[in-house]
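Report on the structure given below.
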Amino acid sequence: MLDRIFKPETVALVGATPKEGKVGNTLLRNLMASHELRVYAVNPKYENIHGLRCYPSLDAIDDDVDLAVIAIPAVNVPDVLVQCGENAIKNVVVISAGFKEAGREGAVLESELIRISKEYNLRLVGPNCLGVIDTYANLNATFGRTMPDKGCIAFLSQSGAFALAVIDWSKAAGVGFSKIVSLGNKAVLDECHFMEYLAGDSDTKVIAMYLEDVSDGRRFMRVASRISKTKPVVVMKSGKTEAGSKAASSHTGSIAGSVEAFKAAFEQSGVVEAESINDLFDFALTLSRITSIKRGGGVAIVTNSGGPGVMAADAVEEYGLKLASFERNTMDKLLPLQLANSYNPVDVRGDATSDKFGTALEIVARDERVSAIIAILSPTAPIDFDKACTYVLAADALKPVIPVFMGGASVTKAVEVLNQHGITNYFDPVRAVKTLKAVSDYEEMQARVYEPPQHFDVDTHLIRKRLQQKQALDYELLTAYGIPVPAYGKAVSADAALEIADRIGYPVAMKILSPDIVHKTDVGCVKLNVYREAVKENFFEIMRRGEKYTSARRIDGVLVQQMIEGGREVIIGMKRDRHFGPLVMFGLGGIYVEVFKDVSFRIAPLSKRDAEEMIHKVRAYRILRGVRGEPTSDINSLIDILLRFSQLCVEFPEILEADLNPIKVLESGCYVVDFKMVTRM
């Protein structure tokens, strides 16, 4: 569908100009540099520009135009779009700025672009963008002054300025690209359209993206999940924080922000997340040549300098990888070399020649327990980096090698040779290890088998009726979804409280029932281990404190509840994210959840595997599993609650935030002791 955007035969530039330094002039020169293109300049002010006939409008061109590039004042763009539609020009790149990024008037103008594009079925890139590049088609439809080299990475950027900087950097760094797309305001075509196209592009091995937002979070996850199975997708996301947001109404709301939502979405959809510009291109470049390393093996480090070797070893542990434990045969072959260390990391010593380094490298590369190698060289007098480069290339044919040639001018030629073979050199051993971790993560995500969310048959009629009537949701909501709660009753009088407590059995817990009091313990509206003689007294005390609490405009009574003794306390919560929908949280519960923040996140709906991973990911999992002879908690029951809660959140978008906290996890069974929900009223 997008092929003619990248590989047009005819391009019309609306806004062409002979004036040097103007966007329309640079664009025209870039387009004319491709001799395979028929280029039409459009500007009613001129008859000829740079030897090209200049047309007054698109209507005047007597040819089929594959792609229109528009670089004129924003207010005139809608009229030109109509001309595109009436002349069957389906592909459009709008360079012009002054749309929604410029305020209300610009937003209205952009909505007009969207309307016209829908009417004529136009495929529009931008507005407010740099343009597009296809190095294999020799197309540079941007106002940048540099054409990048050919490569196998496609780069999508929501920032045109960043794309310009990357193109300029790439020439000096020897990095090539297959395609570059400046997404701009994404009025019509967004990251998902281009990801789908690039999935089938034979020139592209890796899709790298810089994003500030996503147009449709759930669609992004579906598309990325499918594509990442066969082609790595690396994303650097900015604008993840929500500075200045209002105080949240739940524990989950106070912890779960846009950062957590994007991290969960990326992890679930197989996207490799980059935290920095270095990460973005480190990961993309390495994943373009290495998408898997031998499973079960470890990382080997071969170095001529102990310090950088230790740095690398520390990083291996920090990033959750493991150092390889060499086979006996490997040790026997290394010992005669008289190394400073024959174990891992292998230190060939500072006086080692390139040949000695290369010999050790080959021995390690042939070890079946080694999955990848970090090859570190400092510029000592005996080292010839050009010769060392040949050893790295030979070893890389056996096992993936990440070279760390730590030098300046002395390593330049060797690094160029490595680049020609698609191998990236790193000055920093930690960056090299971090890149290997990205490969390991991608391989793990690729291996995941899709597991559909489990569906439970529940009666949603009562809940829907209460939401429609704007009534408060209580424990019947959880019961309807099969989520276990202690025996309870709602009391509006002291006598009723006593009657309920007698029926449940002692001791009981007593809590205020008010949608306006979020943290009941903080205002003294929770009483635990209450026996018969204290029920009425506590009822009156809770009501008095609730009425004293100034924001409690409505009090519905007191909840009398069975006391659940023992167990471990956890929390399950949800905050509805504006991009991805229900963001589910799991972690250590109770009143300290916001202090310790030992939590994990996933986007609902959850599969059983998602639920298991959420539980295993938190540090408190070791407590749930049982320590020092303590009994194991009923984790299967906890998984069941997570899955049922996930379904509840998906089926009722009216629920904005929710906490099931604490959940008492026993040796057998779980109980939701307290919960709160914020609904869209």
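Read-outs throughout are calculated quantities, based only on the coordinates presented, and are distinct from any laboratory measurement. Just so we're clear, the structure is a prediction, and the values are computed from it rather than from any experiment. All Cβ positions, even for glycine, are placed from backbone atoms using ideal geometry, and neighbour counts span all protein chains on display.
To the nearest ten degrees, helix 306-318 and the longest principal axis of the Cα atoms of the chain are 50 degrees apart. Computed from the Cβ-Cβ distance with R0 of 30 Å, the FRET efficiency linking HIS616 to THR479 stands at 0.60. Relative contact order of region 487-562, taken over Cα pairs closer than 8 Å and 6 or more residues apart, is 48 percent.
Its alpha carbons considered, region 568-679 gives a radius of gyration followed by a Dmax of 13.3, 44 Å.
Calculated translational diffusion coefficient of region 301-340 (25 °C, 0.890 mPa s; Stokes-Einstein with Kirkwood radius over alpha-carbon pairs) equals 213 µm²/s. Near GLY151, once Lys and Arg are set to +1 and Asp and Glu to -1 for all other residues with Cβ below 11 Å from its Cβ, the sum equals +1.
Tell me the net charge near ILE512. Cut-off is 12 Å between Cβ atoms, ILE512 excluded, with +1 for each Lys or Arg and -1 for each Asp or Glu. So the surrounding residues net to +3. For the chain, the relative contact order works out to 9 percent when only alpha carbon pairs closer than 8 Å and six or more residues apart are counted. Normalised by the number of residues in region 12-121, the mean separation of alpha-carbon contacts (under 8 Å, six or more apart) gives a relative contact order of 22 percent. How many percent of all Cα-Cα pairs in the chain sit more than 36 Å apart? Tail of P(r) above 36 Å: 55 percent of Cα pairs. Treating r as the C-beta distance of LYS150 and MET331 and R0 as 41 Å, the FRET efficiency rounds to 0.40. Please express the Cα-Cα pair-distance distribution P(r) of region 487-562 as a list of whole percents, one per 5 Å bin, running from 0 to the bin with the greatest distance. Going from the shortest bin to the longest, the percentages are 3, 19, 33, 24, 14, 6, 1. About its Cα centre, the dipole of region 61-119 is roughly 360 debye, where the only charges are +1 on Lys and Arg Cβ and -1 on Asp and Glu Cβ. Here region 568-679 is assigned +1 on the Cβ of each Lys and Arg and -1 on the Cβ of each Asp and Glu. Its dipole about the Cα centre then comes out at about 320 debye. Note on region 1-55: dipole from Cβ charges, positive end direction compared against THR17, LEU37, HIS50; the farthest Cα belongs to THR17. If you line up the long axis of helix 385-396 against the longest principal axis of the chain, both from Cα atoms, how many degrees apart are they, to the nearest 10? Once rounded, the angle reads 60 degrees. Label-to-label distance for PHE456 and ARG222 is 2.6 nm, based on points extended 7 Å past Cα in the beta-carbon direction. Dipole size of the chain about its Cα centre, with +1 on Lys/Arg Cβ and -1 on Asp/Glu Cβ: approximately 620 debye, rounded to the nearest 20. Could you state the angle between the C-alpha long axis of helix 104-120 and the longest principal axis of the C-alpha atoms of the chain, as a value from 0 to 90 degrees rounded to the nearest 10? Relative to the chain, helix 104-120 is tipped by roughly 70 degrees. Over 29 Å apart at the Cα level, from the set LYS548/LYS597; LYS100/LYS617; LYS205/LYS575; LYS527/LYS676; LYS229/LYS664; LYS294/LYS333, are LYS548/LYS597; LYS100/LYS617; LYS205/LYS575; LYS229/LYS664. In summary, the convex hull built on the alpha carbon positions of region 298-447 has an orientation-averaged projected area of 8.1 nm².
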